[in-house]
1. Considering only region A:125-142, I want to know if a residue exists there that is of a type outside the set (A, V, I, L, M, F, W, C), part of a helix (DSSP H, G or I) and in contact with a His (Cβ under 9 Å, 6 or more places away or on another chain).
2. Among residues belonging to region B:197-223 that are within 9 Å of chain A (Cβ to nearest Cβ) and more than 30 Å from A:Pro81 (Cβ to Cβ), point out the one that is most open to solvent (accessible area, probe 1.4 Å).
3. Exactly one condition in (1) facing chain A (nearest Cβ under 8 Å); (2) open to solvent by less than 10 Å² (accessible area, probe 1.4 Å) is not met by B:Ala244; state its number.
4. Would it be correct to say that B:Leu171 is in contact (Cβ under 8 Å) with a residue 60 or more places away in the chain, open to solvent by less than 30 Å² (accessible area, probe 1.4 Å), over 18 Å from B:Gly259 (Cβ atoms) and part of a helix (DSSP H, G or I)?
5. A:Asn150 passes all but one of (1) surrounded by 24 or more Cβ atoms within 10 Å (Cβ to Cβ); (2) closer than 16 Å to A:Thr287 by Cβ; (3) of a type in the set (S, T, N, Q); which number fails?
6. For region A:1-107, give me every one of the strands (runs of 3 or more DSSP E) that falls completely inside it and has 1 or more residues that are among the aromatic types (Phe, Trp, Tyr).
7. I need the full set of residues from region B:108-117 which are among the hydrophobic types (A, V, I, L, M, F, W, C) and in a loop (DSSP other than H, G, I, E, B), in order please.
Protein chains: 2
Amino acid sequence: MSDLAWVAVDWGTSHLRIWLMDAGGQPVGHAESDKGMGRLTAADYEGTLLDLISGALPDTGKVPVICCGMAGSRQGWREAPYATAPCEPPAMGQATHVPTQDQRIDVHILPGIKQDRPADVMRGEETQIAGFLTCEPEFDGVLCLPGTHNKWVHISAKEVVSFRTFMTGELFALIGGQSVLRHSLTAEGWDDDAFLAAVSEGMSHPASLACDLFALRAESLLHGLSPAAARARLSGQLIGMELAAARPYWLGRDVAVLGEDGIASAYSAALAAQGAMPRAICAEDITLRGLSAAYATLKDTQ
Amino acid sequence: MSDLAWVAVDWGTSHLRIWLMDAGGQPVGHAESDKGMGRLTAADYEGTLLDLISGALPDTGKVPVICCGMAGSRQGWREAPYATAPCEPPAMGQATHVPTQDQRIDVHILPGIKQDRPADVMRGEETQIAGFLTCEPEFDGVLCLPGTHNKWVHISAKEVVSFRTFMTGELFALIGGQSVLRHSLTAEGWDDDAFLAAVSEGMSHPASLACDLFALRAESLLHGLSPAAARARLSGQLIGMELAAARPYWLGRDVAVLGEDGIASAYSAALAAQGAMPRAICAEDITLRGLSAAYATLKDTQ
């Protein structure tokens with residue numbers, strides 16, 4: 001492990017992902033853990049990190065550790081104050097240095113980005129955006145980042161111009177998993193037609209959400225609505241609402257959807273049904289690309 | 001306890017309420033328990049009931065026990081098939097008899113009401129409606145029943161003509177208590193102005209719900225939004241959406257809101273701000289009134 005040059009860390013709310021990087025920019029080791037921000041106090045971070053990388057650290061010298069994500073939140077390791085949009089994805093010059101007991105590591109946390117009005121915040125996605133821009137530096141359009149807190153980001157001239165967050169994914173998980181609808185939904189299963197019909201319904205009649213959702217329960221009780229169709233309709237209704245509100249973002253713009261998994265495919269299908277032509281962007285290692293771009297700026301500043 | 005004539009039971013998802021009634025129609029005893037449908041299997045009901053009323057039962061003869069609510073659901077004590085709207089609130093002729101081991105009780109469960117299209121169901125509220133109609137038999141208008149699953153019920157000529165259920169209360173509890181917003185909300189506290197502004201926002205821009213909610217989190221982080229204002233805005237946004245979709249129910253109709261507690265007052269205030277003039281109806285013992293009305297029809301059928 002003598003060729004360890006730096007450590008890349010994506011420290012989110014529920015997950016921790018670590019890559020050991022060599023001087024050539026290639027990962028030479030990888031670790032994952034469920035010790036996300038939600039399970040840690042500030043005092044836990046250094047030990048958690050060392051448990052996973054200590055064996056790879058050289059005896060002499062300091063190894064840079066570059067983190068992004070919720071580790072930089074107020075409830076995280078150390079608060080990394082937000083950059084303010086419009087701005088480029090933050091580089092090392094804006095990172096927050098974290099003092100450590102162990103002198104073999106030199107920890108920096110990249111800031112998230114905030115927007116004052118309308119008030120919005122991101123932590124972690126700015127590094128995905130930085131990674132995306134290494135692939136498409138001339139991108140001028142809208143990036144859709146599906147997830148628990150789905151983000152629409154207007155990007156132009158390498159800057160995050162504006163963005164909005166929709167807690168659609170979190171609503172889907174809460175309603176599907178914990179409301180009365182949990183009795184009517186499967187955890188898996190899907191129905192494309194039911195999904196697209198619900199997207200259209202959610203776009204045209206967003207106000208009736210709370211009523212249309214209870215109707216899923218009633219249709220399940222009275223008319224035997226299938227659990228897979230109910231799940232697809234819940235998703236479609238929520239995504240349809242979101243598309244109606246996010247129309248200024250996607251209408252007539254170059255739209256790229258990050259990811260090819262289930263939820264990203266659902267957004268792509270919903271957008272395509274509205275006549276948008278979203279491109280699916282491979283999300284694999286996009287955060288690592290962003291962290292690597294930041295590491296490149298660290299070398300610039302040294 | 002020789003004057004026990006019958007037992008009234010409101011058996012909901014999370015609560016059980018029992019009244020011991022004398023021949024004059026007055027309650028002579030009362031019991032409450034948290035052994036609602038959600039915590040019981042079908043085999044548990046008889047014992048749960050007897051634990052609470054056994055000491056009051058006479059040695060000879062059978063005491064009628066009249067139940068309403070989720071005890072009659074498929075997951076309850078015994079399924080009491082729905083009556084179908086439009087219909088009057090169900091009377092004893094439509095109740096489901098439940099055989100018991102203990103020969104001192106004669107148990108009947110009143111059905112709920114279903115609506116085929118749009119699919120909707122109620123269990124328990126039909127008995128509140130029956131109770132309300134004993135006070136206002138000539139009511140022609142809309143009854144709003146605030147709760148976990150808020151209901152708008154069009155009543156005319158003593159019949160439930162049509163109804164719609166909004167799971168607004170459940171959404172409020174889930175989002176306020178379990179989503180990322182829980183960090184930004186108080187469990188108590190209120191801000192009337194913030195509530196009414198959010199009602200208006202929810203009515204005009206219902207599609208942006210998932211975005212406006214995340215903005216509460218962001219405003220709390222960036223601009224110090226108070227937890228009480230955040231709670232009022234979450235409630236207002238959800239109720240505003242509901243009012244937009246329920247407009248055909250309340251616009252230009254005689255509207256009565258059942259209850260005078262916090263959530264009923266919130267609905268009344270939101271409606272009043274839209275120019276409706278809702279009346280607040282005292283909800284105390286309204287279910288008991290409905291069960292008593294059903295008991296009166298039992299005597300008719302004997």
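The values are calculated or read from the model by the stated rules, or taken from the named source; none is laboratory data. Note that the structure is predicted; figures quoted are calculated from it, not measured. Don't worry about glycine lacking a Cβ; one is built from the backbone with ideal geometry, like all the others, and counts go over all protein chains shown. The accessibility values were calculated without ligands, DNA or RNA, using every heavy atom of the protein model including side chains. Shrake-Rupley method; radii C 1.70, N 1.55, O 1.52, S 1.80 Å.
1. Just the residues of region A:125-142 that are of a type outside the set (A, V, I, L, M, F, W, C), to begin with: A:125-128, A:131, A:134, A:136-138, A:140-141.
The next check asks that each one be part of a helix (DSSP H, G or I); those that pass are A:125-128, A:131, A:134.
Of the ones still in play, those that are also in contact with a His (Cβ under 9 Å, 6 or more places away or on another chain) are A:125.
Yes, the conditions are met somewhere in region A:125-142.
2. B:His205
3. With (1) facing chain A (nearest Cβ under 8 Å); (2) open to solvent by less than 10 Å² (accessible area, probe 1.4 Å) applied to B:Ala244, the lone miss is (2).
4. The answer is yes for B:Leu171.
5. If we test A:Asn150 against (1) surrounded by 24 or more Cβ atoms within 10 Å (Cβ to Cβ); (2) closer than 16 Å to A:Thr287 by Cβ; (3) of a type in the set (S, T, N, Q), just (2) comes out false.
6. Working: elements: A:4-11, A:16-22, A:27-33, A:63-69, A:96-98.
Once the strands (runs of 3 or more DSSP E) in region A:1-107 are filtered for at least 1 residues that are among the aromatic types (Phe, Trp, Tyr), what remains is A:4-11, A:16-22.
7. Step one: list which residues in region B:108-117 are among the hydrophobic types (A, V, I, L, M, F, W, C), which gives B:109-110, B:113.
Within region B:108-117, just B:Leu110 meets the criteria.
Results for (1) modelled with pLDDT under 95; (2) of a type outside the set (Lys, Arg), shown as yes or no for each residue.
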residue: A:Ser208; (1), (2): no, yes
residue: A:Leu222; (1), (2): no, yes
residue: A:Arg231; (1), (2): no, no
residue: A:Trp250; (1), (2): no, yes
residue: A:Gly262; (1), (2): yes, yes
residue: A:Tyr267; (1), (2): no, yes
residue: A:Gln274; (1), (2): no, yes
